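Input: a single structure, listed below in structure tokens.
Please treat every number below as a calculation from the coordinates, not as lab data. Please read all numbers here as calculations on a predicted model, not as lab measurements. So basically every Cβ, Gly included, is an ideal-geometry build from the backbone, and we count neighbours across all protein chains shown.
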Amino acid sequence: MTIRPPESPLETPLDGFRVEVDAERERGDIVLDRPPLNVVEMPQRDQLRAAFEALDADTRVRIIVVRAEGEHFSSGGNIKGFLDASPEHVSHLAWNIAAPARCSKPVIAANRGYCFGVGFELSLACDFRIATDTTRYALPEQRLGQIPGSGGSARLQKMIGITRTKDMVMRGKRIPGPQALDWGFVTECVADAELERATDALADELRAFAPMAQRTAKRLINDNEDAGLSVAIEMEGHCYSRLRTSDDFREGVEAFHGKRKPDFQGR
């Protein structure tokens, strides 16, 4: 496995995380690296946004993975940092943490241990979340006299509904990985020792699909979240029609009839 830093204008040194690109596996990893709790500092949020944007533009990368060193994904942000930050800076927090959702490429969050506050919000902005039996999800801002400020309650309500969102947000409740799977806001829950294997398997599965179809599906589903049914169906039809002219669709059809594995080129 060859691991190289991304070719990007990312500021160095990075604050509390690192970026790895494995060109052979067409994968870019953003690794939270401030153990034991991987606390997210204010400057780190801007850099995380830039990292997602750089990997999204990197032609070597098909899949982006967000993971962490140690036994906890992230206990959240630096609490004191909120008091020191200017209102203008704070106003950008949600935009930065929403970077995974804006990426055209699939983004996987690998969560173990604490996944609190901004760590949870970052994960919620990803396309897939893999939890373990050690994972605990929480939005504990009520204990500080605050509310989630980077999309946490808004994204969660879309996924699990108003009653369960109030239960988590207004009570600062911690939800274990298996329950998160049952509630529907994680994709998969595995034994803690299996997190890396499950993440690798999902990344390899996703990169086998046609890149243009993956990008189109992600954007269509995201954009249709607030659309009425008739509008959503209309948009789906337009996207389907556009993909019918792609080389990858022709390759997929020919491979299906030829009983062979397709060789998608992303065009």
Problem - Positive-end residue of 161, 120, 110, charge dipole of segment 17-207 with Cβ unit charges - result: 161
Fill in the blank from the handout: Once amide hydrogens are built 1.01 Å from N within the peptide plane, the residues lying 5 or more places from residue 189 or on another chain with amide H under 5 Å from its amide H are 131
Practice task
Read phi for every residue in segment 189-201 and hand back ³J(HN,Hα) as whole Hz from Karplus 6.51 cos²θ - 1.76 cosθ + 1.60, θ = phi - 60°, with x for Gly and Pro.
Solution key: 10, 10, 4, 4, 5, 9, 4, 5, 5, 5, 5, 4, 5
Exercise for the section: Count the lysine pairs in the chain whose Cα atoms lie under 19 Å apart, taking only pairs 8 or more positions apart in sequence or on different chains. Expected result: 4
Practice task
Compute the distance in nm between two label points, each set 7 Å from the Cα along the Cα-to-Cβ direction, one at residue 104 and one at residue 193.
Solution key: 4.2
Problem - R0 of 25 Å, Cβ-Cβ distance residue 220-residue 260: FRET efficiency to nearest 0.05 - result: 0.35
Exercise for the section: Convert each backbone phi in segment 55-69 into a coupling constant with the Karplus relation 6.51 cos²θ - 1.76 cosθ + 1.60 (shift: θ = phi - 60°), then list the ³J(HN,Hα) values in order as whole Hz, x for Gly and Pro. Expected result: 5, 5, 8, 7, 5, 7, 9, 9, 10, 10, 10, 10, 9, 9, 7
Fill in the blank from the handout: Which of 77, 161, 152 fluctuates most in a GNM of the chain (C-alpha springs under 10 Å)? That residue is 161
Completion exercise
Rounded to the nearest 5, the percent of DSSP beta bridges in the chain running antiparallel is 30
Practice task
Might you report the magnitude of the Cβ-based charge dipole of the chain about its Cα centre, with Lys and Arg at +1 and Asp and Glu at -1, to the nearest 20 debye?
Solution key: 540
Practice task
Give, rounded to the nearest 20 debye, the magnitude of the charge dipole that segment 137-253 has about its Cα centre when Lys and Arg contribute +1 at Cβ and Asp and Glu contribute -1 at Cβ.
Solution key: 540
Problem - Long-range HN-HN contacts of residue 17 with modeled amide H, under 5 Å - result: 33
Fill in the blank from the handout: The answer for residue 135, listing residues at least 5 apart or on another chain whose modeled amide H is closer than 5 Å to its amide H, is 113, 177
Handout entry: Two-decimal ratio, the chain, of alpha-carbon radius of gyration to 2.2 N^0.38 Å
Key = 1.03
Exercise for the section: Scan the chain and report its longest stretch carrying no GluC sites (Glu not before Pro) that are both in a DSSP loop and have at most 12 other Cβ atoms within 10 Å. Expected result: 12-267
